[in-house]
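See below for the structure under consideration.
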Amino acid sequence: MGRKLYVFVRSAVLFAVLLVFAVACTRGGKDIEVDLPSGEKAVLKYNETLRIMISSEPPSLDWHRATDTTSNLITVNLMEGLAEYDLSDKDLKLIPALAEKWEASDNARKWKITVRQDVVWSDGVPFTVQHVVDGWKRLLSKETASEYAYFLFGIKNAKAFNEGKKSWDEVGVKISGPNELTVELEKSMSYFPYLLTHHSTYPIRLDVVEKGGDRWTEPGNIVTLGPFTLKVWQHDRLIVLERNEKYYGQKPQIKHIAAYMIQEQATAINLFDSGKLDSVHDLPSVELRRLRQRKEFRETSRLSIYYYGFNVAKPPLDNPLVRKAIAMAIDRQQIVQMLAGGQLPLTGWIPAGMFGYEANRGVTFDPEKARELLKQAGYGPGTKLPKLEIRFNTNEDHQRIAENIQAQLKQNLGIEVELKNEEWKVYLNSLKSKTQQIFRLGWQADYPDPDNFMSVMLSYSENNHTNWKNAKYDELVNKAAGTLDRDERLRLYSEAQKILVEDDVPVVPLYSTVKHVLINPRVENYPLNVMEVFSYKGVRLKD
Amino acid sequence: MTLGKILGWGCVLISLAGIALDLADLDLPRGYGWLLLGWGVAAASYAVVRGHMVAYVTKRLLEAAFVVFMIATLTFVLLRFLPGGPFDAEKALPPEIKANIEAKYGLDKPLGEQYLDYLMGLARGDLGESYKYIGRPVADIIAETLPVSFQLGVYSLLLAFLVGIPIGVLAASRHNSVVDNALMIFAISGVALPSFIVGPLLVMVFSFGIPFSALTGLLPPALWESPVYYIMPVITLGLRPAAIIARLTRSSMLEVIQADFVRTARAKGVAWPVILYKHVLKNSLIPVLTISGPLVAGILSGSFIVEIVFGIPGMGKHLVQSVTNRDYPLILGMTLVFSTMLVIANLIVDLLYTVVDPRIKLG
Amino acid sequence: MAATETTIDNSAGAPTSRNEKGKSLWSDAWKRLKKNRAAYFSFYFIVFVCLIAILAPWIAPYSYETQNIDRALLPPNSINWLGTDSLGRDMLSRIIYGARMSMAVGIFTAVFSLVVGGIYGAVSGWVGGWVDAVLMRTIDILNAIPSLVLLILVGVIFNSLDLFENPELKALTGIFLALSVGGWVSLARLVRGQVLQVREMLFVEGARALGARPTRIITRHIFPNILGPIIVMLTYQIPSNILFESFLSFIGLGLQPPFSSWGVLANDGWRAKSYPHLIVFPGMALFFTMLAFNLLGDGLRDALDPKLKNR
């Protein structure tokens, strides 16, 4: 036993010595050393590497199958679409990227797209229009089972192809020239070019996908054409992107992007504070007041709304007067103040910063009139409104808002409201079963066009959880989608919004959300925009 | 030297060399893990054969296989009681697209058939593909994250034993002294502190130097890049087991000290330290060994918090997130790996009894 | 596998006249406990915390859920002695109400585990044979499922069923059940082991020979004899339940605000680096209570195990 104890002591000493040694070795030096897939080591120089955090392992770098923002953050730097947003423009004007130009005909039902000829993939193969068609076919085919396939359902017969009812030849996508594509749509779509910015419509190299199989998105296999290439992907840990020297546009100033996967924001802030990260996204709300005062703090509004919905099939919420009274009894200013995150109160359905936004649309806070409306609906002091239920998914912020609304409704209308929270997936499931009375949800823009928001509330939309159906609204929104004339569209959307948030009121918009970030002062031109396109090709690092 | 000794010490040496290489931030040679595993299995098999425990171990292994199979079934059934499916998202999917996805993953088949498919896959060693991490085989996810969690767990356990046992011995040998009391207060505090308080506390002190500014930047606050990054997470995770072991060692040593053979040895004039370290400690290790099984379980589930707090790329977070994502194959894969490790840890502990105390016969 | 059940040896002597002997056994134990100052003090500390928990509505200076945005995140001051949280809720009140929820989770889960585990273990140990084998295999299986997965699955499933109207009960059921699923297993093992030991003793054999019904034997003869180890085990289980509840809150499956438990508070707190009072006070409450339970557990173990009394 004495010998065993000796072993114990010896290894304890060894352990301690090695720890001290390790501490001594790794202190200092800001460059990052990473293991390459080949087994070699590479050094990312501090002054040419942007170090960012992503909240998790990207679920997929296959841009036709990914659906989440984390994957998008990486792919948007690896790839490029036919069109892109001009990030230097406040309104995010659409500019051609892989496309040279596009033009509409037949009242925006037919689109002719001409692609650039000077683009090469990272393996040197020239980019052609066929790659675009391949990408779209892959996105739409049943076997890919892409969640974002519906992005191109506007194309003639695309939906039927996705269901396996029609062949690809019948789909309205044709190569009409050496570098020209003709797209025929089911109906007029004025916003079609916006879809070309989305990662689900990027071109693809089928030979690469075939060769790589399930692992085609791994470094070494993946072939892209954007400003960066995938150099390292240590799953659950780190992604390193490297400047693509074959990129057709203005080459990025930074050489590398190191994206660390950190789930907990408090941890990310710790890393930021110790100089290991250049930016932190989505700051914890409890720390916001303090962080707001720091010079590294930035915020940007988003095209994203937070709303409460009514299930109009459930009495007494089947009565528009009751719904309107409730909407009128909620002071959004108070909610925004409570959240203290710089959110913008919103009464209309289309958020500020988007075409079609109307500041004065919707019902505003007026407790006096709200009580009046409730009386009209037949609920006076004598007949009290039955107890209502607000349902939301478990989350501190949702809870705070629900509690606040509960208090407001009690104070302003004398209505008793019960709160019920459910785990996220349980909640989504119960929304589908339509047992809720009042519920909370959000909507974030896929493309900066009002259609993206307005079509949520179409009577046949899967995202309309209110049971509310209005033929006139459907007609107006569909008509606006097919109208090219901006003024006419504006008028149509205005009319539709009036039905939605002033007359029928199946939803109560509360505010549009804000993104908070910390950015190291050495970073210039960090991409902050309402669409949250984190394309880092324009970023510059100061020494 | 007998074959047994060669195998046994070889195993210890390979492990120590591996740890030393790892802590010196050198890359382990390719296949090192397999070498260790193979050697360990060889050593264990030899010990089992020599100890005439073949029948016992076979029985235990069969039982273990049955337990793991039952767990697979139970988890599979429980999962289907979870409301909400893997492809429910804030933006609802059109029905035709959902149908495509469900067809792709075989979720449109009857439940019984899905279960059979799953078992067939398991029999082939195929854990399926994750739903959330599209197209990534569950086996890959495990292969990439398990080593990190294993590293974290092994170092924490090592810390627990290397710190816990000496503290327990020291406290017992100075029973009722100031040293004893101080050590036990430390130990009991370790038991009483949750890891999400210990972790951030360490970060506050050793990364940001509050309240001693000399310590600012001494240790990195998160990540898992090189040995210096291991220190705080390992302490955070290992503190509680270390404290438990320290208390257990102390109390069981005090118990053994009162035993007759100790009195006899003292009467015969054997030096006290010899009695203490040679006889008492050895006999006190049995309860410590007994608790090692549950400790491994505790470290496995405790690693989740530590991994989150320190941003460590381990397996713990998948265990929790796969449930929130309803990622059925990943949940099942994680559960199976964890329970297999638990079952094996318990078996090893039981076998170690015979090493520590030859009087114990299994079977 | 005798080695796994080494800790408690009850063969010190079977009580002949149970009542008298039993009484003196307990008062002896109490005397011994009194001598152990740490344990004695811990006992009163726990009583104190329990009183706070029960009397929370009367002693808390403010409500645990009333928000006051204008007074958010204040450090300790004369109005809010322990400061306020991010919504301006009084921390002292939240900690006092937190005691209520934490202690409820800790104690009720332990009691529930005791009832389920006790019956299970008693049946297993008493009946023996194939029943015992089946019951013990089941426990093996439950023991090998990672507790985390079981906790999460059971927690989510039960939270999604609406079993209670009362929001406090509703918030607690999922946690109770999730924790109990893990907790009763070890108690079942303990009780089984004890029953196996005790049932071979002379006085039990005597009672059996006299034709006493098994339930009577178990409740009248066996239960009092195994009460000691069970109480000790419960004293250790309660703090670990409290800890596990905070762990569940960390995952987002524990209690949710506005309800307050020490776990909920500590979880909110550790993310708020700039506001140490959010973590320090709930952390201290958690720490001292855990400490007290552990010290009391040690004291009880020593007090109830006469063999060790001379230590």
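What follows is calculated from the coordinates using simple rules that are stated; it is not laboratory data. Remember, it's a predicted structure, so these values are computed and weren't measured experimentally. Neighbour counts are summed over all protein chains in view; Cβ atoms, including those assigned to glycine, are modelled from backbone coordinates with ideal geometry.
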Collect residues whose amide H, placed 1.01 Å from N in the peptide plane, falls under 5 Å from the amide H of A:Leu344; neighbours closer than 5 in sequence don't count.
A:Ser512
Within the range A:186-210, list the residues whose amide N lies under 20 Å from a label point set 7 Å along Cα→Cβ of A:Asp86.
A:191-198
With the 8 Å Cα cutoff and a minimum separation of six or more residues, chain C has a relative contact order in percent of 25 percent
Computed over chain B: longest principal axis from alpha-carbon atoms vs helix B:95-104 long axis, angle to nearest 10 degrees, is 50 degrees
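When you look at the Cβ of every residue in B:304-317, what mean number of other chain Cβ atoms sits within 10 Å?
On the way: counts 5, 4, 0, 3, 7, 8, 4, 12, 4, 9, 2, 1, 1, 6.
Per residue, the average neighbour count from other chains is 5.
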Averaging sequence separations of C-alpha pairs under 8 Å and six or more residues apart, then dividing by the length of the range B:138-356, give the relative contact order as a whole percent.
28 percent
Over 28 Å between Cα atoms: which of B:Lys132/C:Lys170; A:Lys93/A:Lys251; A:Lys174/A:Lys432; A:Lys159/A:Lys479; A:Lys369/A:Lys498; A:Lys324/A:Lys420 fall into that group?
B:Lys132/C:Lys170; A:Lys174/A:Lys432
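Given only helices, namely DSSP H runs of n ≥ 4 each adding -39500 (n - 2.57), what is the per-residue ellipticity at 222 nm of chain B, to the nearest 500 deg cm²/dmol?
Numbers: 13 runs with 260 residues, N = 363.
For chain B, the value works out to -24500 deg cm²/dmol.
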Net charge of Cβ neighbours under 12 Å - reference A:Lys211; Lys, Arg +1; Asp, Glu -1
-3
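Per residue, how big is the convex hull of chain C when only Cα atoms are used? Give it in Å³.
164 Å³
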Dimensions (Å) - the range B:1-50, Cα atoms, principal axes, largest first:
38, 19, 12
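Assign one of three labels to the range B:145-231, namely rounded, prolate or oblate, based on the Cα gyration tensor with a ≥ b ≥ c the square roots of its eigenvalues; rounded applies when a/c is under 1.5, prolate when it is not and a/b is larger than b/c, and oblate otherwise.
Because a/c hits 1.5 or more and a/b fails to exceed b/c, the range B:145-231 counts as oblate.
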Among A:Met531, A:His256, B:Gly314, pick out the residue whose Cα is farthest towards the positive end of the charge dipole of the protein assembly as shown, where Lys and Arg carry +1 and Asp and Glu carry -1 on C-beta, about the Cα centre.
B:Gly314
Helix B:54-81 versus the longest principal axis of chain B: what is the Cα-based angle in degrees, 0 to 90, to the nearest 10?
40 degrees
Sequence-distant residues sharing a close amide H with A:Ile155 (under 5 Å, placed H):
A:Glu186
Among B:Leu351, B:Leu300, B:Leu61, whose mean-square fluctuation peaks in a Gaussian network model of chain B (Cα, cutoff 10 Å)?
B:Leu61
In debye to the nearest 20, the charge dipole size for the protein assembly as shown, taken about the Cα centre with +1 at each Lys and Arg Cβ and -1 at each Asp and Glu Cβ, equals 4340 debye
Expected max-MSF residue from B:Val49, B:Val306, B:Val163 in the GNM of chain B (alpha carbon, under 10 Å) is B:Val49
Using the Karplus curve 6.51 cos²θ - 1.76 cosθ + 1.60 with θ = phi - 60°, what ³J(HN,Hα) values do you get for each residue of the range A:284-296, in whole Hz, with x for Gly and Pro?
x, 5, 5, 8, 4, 4, 6, 5, 3, 7, 7, 6, 7
Highest-MSF residue in chain B out of B:Arg136, B:Arg247, B:Arg326 [GNM, Cα springs under 10 Å]:
B:Arg136
Eligible lysines near B:Lys109 by straight Cα distance, threshold 19 Å, same-chain separation 8 or greater:
A:Lys142, B:Lys98
Partner lysines whose C-alpha sits under 18 Å from that of A:Lys41, ignoring same-chain residues fewer than 8 away, are A:Lys30, A:Lys231, A:Lys255
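For the range B:138-356, take N as its residue count and report Rg(C-alpha) divided by 2.2 N^0.38 Å.
On the way: Rg = 20.0 Å, N = 219, 2.2 N^0.38 = 17.1 Å.
Normalised by 2.2 N^0.38 Å, the Cα Rg of the range B:138-356 equals 1.17.
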In sequence order, what are the phi-derived ³J(HN,Hα) couplings for the range A:48-56 according to the Karplus relation 6.51 cos²θ - 1.76 cosθ + 1.60 with θ = phi - 60°, rounded to whole Hz, with x for glycine and proline?
10, 10, 8, 10, 10, 10, 10, 6, 7
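Per-residue ellipticity at 222 nm for chain C, helices alone: DSSP H runs ≥ 4 residues times -39500 (n - 2.57), over residue total, nearest 500 deg cm²/dmol? Provide the component values of the computation, followed by the final result.
Numbers: 10 runs with 216 residues, N = 311.
Result for chain C: -24000 deg cm²/dmol, rounded to the nearest 500.
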Under 5 Å between amide H atoms, partner at least 5 residues away or on a different chain: which partners does A:Ile52 have, H built in plane at 1.01 Å?
A:Ala258, A:Ala259, A:Tyr260, A:Asp278
Rounded to whole angstrom, the alpha-carbon centroid of the range C:233-286 lies from that of the range A:61-94 at a distance of 40 Å
In nm, to one decimal, how far is the modelled label at B:Tyr46 from the one at A:Lys112, with both set 7 Å along Cα→Cβ?
8.2 nm
Chain A, helix-only ellipticity at 222 nm - DSSP H runs n ≥ 4, -39,500 (n - 2.57), divided by all residues, nearest 500:
-8500 deg cm²/dmol
In whole Å, largest first, what are the principal axis extents of the Cα atoms in chain A?
85, 74, 47
Simple spin-label estimate for A:Asn221/A:Glu462, 7 Å along Cα→Cβ, in nm, reads 2.7 nm
Within the range A:77-104, name every residue whose backbone N is under 12 Å away from a label modeled 7 Å from Cα of A:Asn525 along the Cβ vector.
A:87-88
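Helix check for chain C. Which DSSP H runs span at least 20 Å along their own axis by Cα, with a mean Kyte-Doolittle hydropathy no less than 0.5?
Details: long enough: C:18-35 (25 Å, -1.86); C:37-59 (31 Å, 1.93); C:91-127 (52 Å, 1.36); C:129-144 (23 Å, 0.84); C:167-199 (45 Å, 0.79); C:223-251 (40 Å, 1.24); C:277-304 (40 Å, 1.21).
TM-like helix candidates: C:37-59, C:91-127, C:129-144, C:167-199, C:223-251, C:277-304.
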Take the eigenvalues of the Cα gyration tensor for the protein assembly as shown, scale each by 5, and report the square roots as semi-axes in whole Å, largest first.
56, 37, 29
So what's the angle, to the nearest 10 degrees on a 0 to 90 scale, between helix B:328-356 and the longest Cα principal axis of chain B?
20 degrees
